[in-house]
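Some notes on the structure that comes next.
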Amino acid sequence: MPELPEVETVRRGLSPTMEGAVIRQLELRRPDLRFPLPREFAARLQGRRIIALSRRAKYLLIDLDDGATVIAHLGMSGSFRIEAGEAGVMPGDFHHPRSKNEKHDHVIFHLDGADGGSRVIYNDPRRFGFMDLTTRNELDIYPAFRDLGPEPVGNELSADYLASRFAGKQQPLKSALLDQKVIAGLGNIYVCEALWRSHLSPERAAATLVTPTGRPKQQLLVLTEAIRAVIADAIAAGGSSLRDHIQTDGTLGYFQHSFSVYDREGSSCRTPDCSGNVERITQAGRSSFYCRICQK
DNA sequence: GAACGCACCTGTGCGC
DNA sequence: TGCGCACAGGTGCGTT
């Protein structure tokens with residue numbers, strides 16, 4: 001479920017293995033994911049040292065020592081796993097069963113490193129993910145990043161900013177928050193969770209959180225803090241699940257979270273003293289989960 | 001411009 | 001057990 005917190009967790013999980021390592025070989029098992037892989041992708045990465053792993057929204061960025069940056073998006077079903085080379089054994093890796101989805105291993109980074117050579121394997125059954133190549137200098141003009149909104153963690157995101165984006169917008173809050181141009185990195189799950197925490201209905205028009213003079217109403221302040229908190233909590237949860245995953249099979253990308261409303265249709269609302277049940281509605285083709293009683 | 005619908009592709013879970 | 005169907009976390013394009 002790669003939304004921003006999952007991608008951040010993947011980044012943290014891969015960093016110790018990938019940063020500083022040299023890409024001995026890039027193995028491409030097919031010519032495309034969602035889009036064709038870049039021309040000469042394997043040749044351009046071979047022999048390069050990985051300088052740093054970073055993240056922008058739901059994109060993983062791999063900086064190389066020649067100024068190039070690999071952009072990786074996990075789509076809906078992408079994950080990475082780390083396998084040790086001949087010279088080493090992953091913690092807990094002894095006799096661990098091969099992934100049953102090995103046929104969906106599409107891109108394999110063969111690394112030279114201090115541990116004797118790990119493999120970092122990108123697996124993606126649905127192939128909604130993609131990889132591209134640009135340069136660090138051109139990241140800001142990369143099409144997917146050009147119009148991206150601020151990150152939901154950090155100082156860029158404020159109630160004032162959201163008020164400026166929501167003013168005059170009749171679009172439902174759910175759709176407005178999913179728009180990556182408004183906030184970068186929020187997905188279906190965390191939008192549902194943030195709206196539940198804020199007691200706001202996903203169907204409410206975005207403009208109703210803004211005063212006639214363009215100032216954020218109190219509820220927008222609450223929503224802003226809820227967005228920050230729900231993402232921060234998920235990153236913290238990813239950090240704890242990270243340890244478990246690395247100890248078991250090295251797979252990064254899927255974590256067991258427990259959500260307050262997401263995927264809880266028909267269950268009782270977890271807001272204290274609320275007698276409502278979680279409902280599921282469809283907005284813009286996506287499921288929204290919310291409690292009609294306490295979310296207005 | 002805004003708001004949908006749909007396509008991309010495979011796996012899973014459900015009802016029958 | 002097996003089949004068919006609905007649905008799934010994202011993004012981007014086309015249509016109205």
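The values are calculated or read from the model by the stated rules, or taken from the named source; none is laboratory data. Nothing here was measured: the structure is a model prediction, and the numbers come from that model. So basically every Cβ, Gly included, is an ideal-geometry build from the backbone, and we count neighbours across all protein chains shown. To get the accessible areas, we keep the full protein, side chains included, count just its heavy atoms, and leave off ligands, DNA and RNA. Shrake-Rupley method; radii C 1.70, N 1.55, O 1.52, S 1.80 Å.
Can you name the number of the only condition in (1) touching a residue at least 60 places away in the same chain (Cβ under 8 Å); (2) within 18 Å of the chain's Cα centre (by Cα) that A:VAL182 fails?
(1)
If you take the residues of segment A:125-141 that are touching a helix residue (DSSP H, G or I) at 6+ places or on another chain (Cβ under 9 Å) and within 10 Å of DNA strand B (Cβ to nearest atom), which of them is most open to solvent (accessible area, probe 1.4 Å)?
Checking each candidate, the answer is A:ARG126.
Taking segment A:181-220, which residues are part of a loop (DSSP other than H, G, I, E, B) and within 16 Å of DNA strand C (Cβ to nearest atom)?
The answer is A:LYS181, A:VAL182, A:ILE183, A:ALA184, A:GLY185, A:LEU186, A:GLY187, A:PRO202.
Among the residues of segment A:155-199, what is the count of those that are within 15 Å of DNA strand B (Cβ to nearest atom) and among the small types (Gly, Ala, Ser)?
7
Is there any pair linking a residue in segment A:34-48 that is in the same structural domain as A:HIS106 (by TED's automatic domain parsing) and under 12 Å from A:LEU133 (Cα atoms) to one that is surrounded by fewer than 17 Cβ atoms within 10 Å (Cβ to Cβ) and acidic (Asp, Glu), with Cβ under 8 Å and at least six apart or on different chains, and which?
Filtered contacts from segment A:34-48: A:ALA42/A:GLU27.
Looking at (1) in contact (Cβ under 8 Å) with a residue 40 or more places away in the chain; (2) among the charged types (D, E, K, R); (3) open to solvent by 20 Å² or more (accessible area, probe 1.4 Å), which is the one condition that is false for A:LYS174?
Looking at each condition in turn, A:LYS174 falls short on (3).
Filter segment A:155-180 for residues that are more than 21 Å from A:ALA144 (Cβ to Cβ) and of a type in the set (D, E, K, R); which is farthest from DNA strand C (Cβ to nearest atom)?
Among residues in segment A:155-180 that are more than 21 Å from A:ALA144 (Cβ to Cβ) and of a type in the set (D, E, K, R), the one farthest from DNA strand C (Cβ to nearest atom) is A:ASP160.
Being surrounded by fewer than 17 Cβ atoms within 10 Å (Cβ to Cβ), under 17 Å from A:VAL191 (Cβ atoms) and of a type in the set (Val, Ile, Thr) is the filter here; which residues of segment A:269-296 pass it?
A:ILE281, A:THR282, listed by residue number.
A:ASP63 versus (1) open to solvent by less than 50 Å² (accessible area, probe 1.4 Å); (2) within 16 Å of DNA strand C (Cβ to nearest atom): which is the lone unmet condition?
Evaluating A:ASP63 over (1) open to solvent by less than 50 Å² (accessible area, probe 1.4 Å); (2) within 16 Å of DNA strand C (Cβ to nearest atom) leaves (2) as the failure.
Counting residues that are modelled with pLDDT of 90 or more and of a type in the set (Ser, Thr, Tyr), which strands (runs of 3 or more DSSP E) fully inside segment A:5-90 reach at least 1?
A:50-56, A:59-64, A:68-73
Does A:ASP115 satisfy the condition of being open to solvent by 30 Å² or more (accessible area, probe 1.4 Å), at pLDDT 90 or above, of a type outside the set (S, T, N, Q) and not assigned by TED's automatic domain parsing to the domain that holds A:ALA229?
Taking the combined requirement at face value, the residue does not satisfy it.
Would you pick out the residues in segment A:142-171 that are open to solvent by 80 Å² or more (accessible area, probe 1.4 Å) and in a loop (DSSP other than H, G, I, E, B)?
Hits for segment A:142-171 are A:ASP147, A:ASN155, A:GLU156, A:GLN170.
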